[in-house]
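Here, each number is a calculation from the coordinates, and none is a lab measurement. Note that the coordinates shown come from a computational prediction; the quantities given were computed from them, not determined experimentally. Neighbour counts are summed over all protein chains in view; Cβ atoms, including those assigned to glycine, are modelled from backbone coordinates with ideal geometry.
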Amino acid sequence: MNSLIITSLEQGLIFSILAMGVFITYKILDIADLSVEGTFPFGAFIFAKFMYMGVNPIISTLMAFIFGSLAGLLTSILFTKLKIKPLLSGILTMTILYSINLRTNGKANIPLFSYDSIFDFNSTLVVLIIIVLFVKIILDQFLKTETGYLLIVTGDNESFIKALGKNINMYKTMGMMIANGLVALSGALASQFQGFVDITMGSSIIVVALASIIIGDTINKDSNKIKNTTRAILGAIIYKFIEGIVLDLGLEPTDFKAISAIIVIIFISYNNFLVDILSFNRRKGGVNYVKNN
Amino acid sequence: MLKITNLCKSFNSNTDNQINIFNNFNLEVETNTSTAIIGPNGCGKTTLFNIIGGNILADQGNIFLKEKNISKLKEEERAKYIGRVYQNPSMGISSSLTILENLSLANKKGEKFTLKKLLKKENIDKYIELLKDLSLGLEKKLDTKVKFLSGGQRQALSLIMATMKYPDLLLLDEHTAALDPKTSNLIMEKTKKLIEKYSITTIMISHNIKDALKYSDRIIMLNGGQIVLDKPSADIDEKELIQIYIRKFEQIVA
């Protein structure tokens, strides 16, 4: 049981970086960016490439972030310059990355067991907590800056950005680059954690990210006090706990994908309908309220 | 101040559905004046604003603002000189941000956005002063998200945001049309006060002839992309203007 908690927590922290990345595209920019399905393994493949070249794990992990943001740049060029719909742009980048990922090391599966990893510096959990907090604090601080606010407004009201005399595409590109950089970083950490890189590791990863964000949104739903990055982190950890418990109950790992989708369905429907149904008696103006007052 | 020469604009060019909105349209507006544009739907009022603001580009013709040719500038580049308040209270404002955040962004209009913190203590007093001038109690709601404000409050806020950096030209695009009569009057009064305070050259589109006469120095009536009437507001009374309007409008219907 103890190992279940620790593993879920570690995996949750790795996926919380993915969730924070997707939070930027999905919640801030209001774009469904499917390219993350390619960027997540891309980060892992880039990490492996640099490790095989003899580069140290910290720099290799940073390289994953940089190359991931370049993938984000590609998607944003597709929809800002070539005017391809964002959803299709993401799918196109994802498709391109599939081939690039296989090309990077010439193989679909690369073992990393015999190589150093970023987790060698301290216990896995401590390293992950440091990285996640670092990303969270940087992101939170960035969103409070003048440029950060422009990023927020980009997804909210394009006409306002233009009225402020700014180029909307620049901010979309910036958001896409940060988001995909984080997703690739998460992929690089996942590959170090599991000890290998696999071409399928990105498949349906968007569902995991969305599940984490949606679960995070459900926590104390109407409170403004919880930052969205905190929600994404908590959401990812809770998601991994649910997944761990389900596995512990004896379901096959191959059932994961369906479970992920079902978690998303449950939490979205909870947010949409059940909150109202469950709180019916507490609502002012309901039958009970009229009778009792 | 504003000079539009030989403006041509058509939509759906070279198709069966081609619509010519403007054909050699010319307009000059003097500095520190307030011009009202009236006319039936489809006469080109909003298209004219969109062309001046850069939302759409003209097919031909030039637009000069303070002697500077702005016709080739992008919308965001023109925004440094032009403020605009839209009919829709959700345009030009971010509803998911607070009043303070919106004002802080508007205060940076046309400037470089850096990695410094947006919300600064030293500006808050300035915003409170601006909001107090509106006498809508918004100065006590700095931390309220704009989506929780009424339409009138939002338009008042949009107005402050569009004028706080003293634009050369202010475009008011039926900015009180979505409001009830009482709030509409209030916003028009606030608009007048702000324009006079900052001496901003203004063009407004209005369907309310009374407002158009009351709050402008000059009345322009558009019909089919052409100026059919151009008079100082002082030289024409409401009844006369309504009659002209009906006469012109009937011609279109007929």
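Of the residues that make up segment A:35-43, is at least one more than 20 Å from A:Thr200 (Cα to Cα) and in a helix (DSSP H, G or I)? Don't jump to the end; show me each part of the working.
Here is the first cut: in segment A:35-43, the residues more than 20 Å from A:Thr200 (Cα to Cα) are none.
Checked segment A:35-43: no residue is more than 20 Å from A:Thr200 (Cα to Cα) and in a helix (DSSP H, G or I).
Residues checked against (1) touching a strand residue (DSSP E or B) at 6+ places or on another chain (Cβ under 9 Å); (2) within 24 Å of A:Phe273 (Cα to Cα):
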| position | (1), (2) |
| --- | --- |
| A:Ser203 | no, no |
| A:Ile215 | no, yes |
| A:Asn224 | yes, yes |
| A:Ile245 | no, no |
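Would you please name the residue that is surrounded by the most Cβ atoms within 10 Å (Cβ to Cβ), looking only at residues in segment B:100-135 that are of a type in the set (A, V, I, L, M, F, W, C) and within 21 Å of the chain's Cα centre (by Cα)? It would help to see each step written out before you state the result.
So in segment B:100-135, the residues of a type in the set (A, V, I, L, M, F, W, C) come out as B:100, B:103, B:105-106, B:113, B:115, B:118-119, B:124, B:128, B:130-131, B:134.
Checking which are within 21 Å of the chain's Cα centre (by Cα) leaves us with B:103, B:105-106, B:130-131, B:134.
Details: B:Leu103: 24, B:Leu105: 26, B:Ala106: 24, B:Leu130: 19, B:Leu131: 22, B:Leu134: 20.
Within segment B:100-135, the match that is surrounded by the most Cβ atoms within 10 Å (Cβ to Cβ) is B:Leu105.
Inspect segment A:226-242 for any residue being more than 15 Å from the chain's Cα centre (by Cα) and part of a strand (DSSP E or B) and give the result as yes or no.
We begin by selecting, within segment A:226-242, every residue more than 15 Å from the chain's Cα centre (by Cα); these are A:226-227, A:241-242.
Still in the list and also part of a strand (DSSP E or B): none.
No.
Do you know which residues across segment B:76-99 are surrounded by fewer than 20 Cβ atoms within 10 Å (Cβ to Cβ) and under 17 Å from B:Leu149 (Cα atoms)?
Going residue by residue through segment B:76-99, those that are surrounded by fewer than 20 Cβ atoms within 10 Å (Cβ to Cβ) are B:76-77, B:80-81, B:87-88, B:90-91, B:95-96, B:98.
If the condition is that a residue be surrounded by fewer than 20 Cβ atoms within 10 Å (Cβ to Cβ) and under 17 Å from B:Leu149 (Cα atoms), then B:Gln87, B:Asn88, B:Ser90, B:Met91, B:Ser95, B:Ser96, B:Thr98 are the ones that fit.
Could you say whether any residue in segment B:187-196 is in contact with a Gly (Cβ under 7 Å, 6 or more places away or on another chain) and in a helix (DSSP H, G or I)?
Step one: list which residues in segment B:187-196 are in contact with a Gly (Cβ under 7 Å, 6 or more places away or on another chain), which gives B:187.
Then keep just the ones that are in a helix (DSSP H, G or I); that gives B:187.
Looking for residues that are in contact with a Gly (Cβ under 7 Å, 6 or more places away or on another chain) and in a helix (DSSP H, G or I), one finds at least one in segment B:187-196, hence yes.
I need the full set of residues from segment A:1-27 which are buried (at least 22 other Cβ atoms within 10 Å of the Cβ) and among the β-branched types (Val, Ile, Thr), in order please.
A:Ile14, A:Ile17, A:Val22, A:Ile24, A:Thr25
I want to confirm something. Restricting to segment A:113-147 and keeping residues that are among the charged types (D, E, K, R) and more than 10 Å from chain B (Cβ to nearest Cβ), which single residue is surrounded by the fewest Cβ atoms within 10 Å (Cβ to Cβ)?
Looking only at segment A:113-147, we keep the residues that are among the charged types (D, E, K, R), and these are A:116, A:120, A:136, A:140, A:144, A:146.
From what's left, more than 10 Å from chain B (Cβ to nearest Cβ): A:116, A:120, A:136, A:140.
Details: A:Asp116: 14, A:Asp120: 11, A:Lys136: 18, A:Asp140: 15.
For segment A:113-147, the residue satisfying everything is A:Asp120.
Pick from segment A:87-139 the residues that are without any contact (Cβ under 8 Å) to a residue 40 or more places away in the chain and closer than 19 Å to A:Lys49 by Cα: which of them is nearest to the chain's Cα centre (by Cα)?
My answer is A:Ser99.
Cβ-Cβ below 6 Å, separation at least six or inter-chain, first residue in segment A:148-168 and facing another protein chain (nearest Cβ under 7 Å), second surrounded by fewer than 22 Cβ atoms within 10 Å (Cβ to Cβ) and hydroxyl-bearing (Ser, Thr, Tyr): which pairs?
Close Cβ pairs satisfying both conditions: A:Asp156/B:Ser96.
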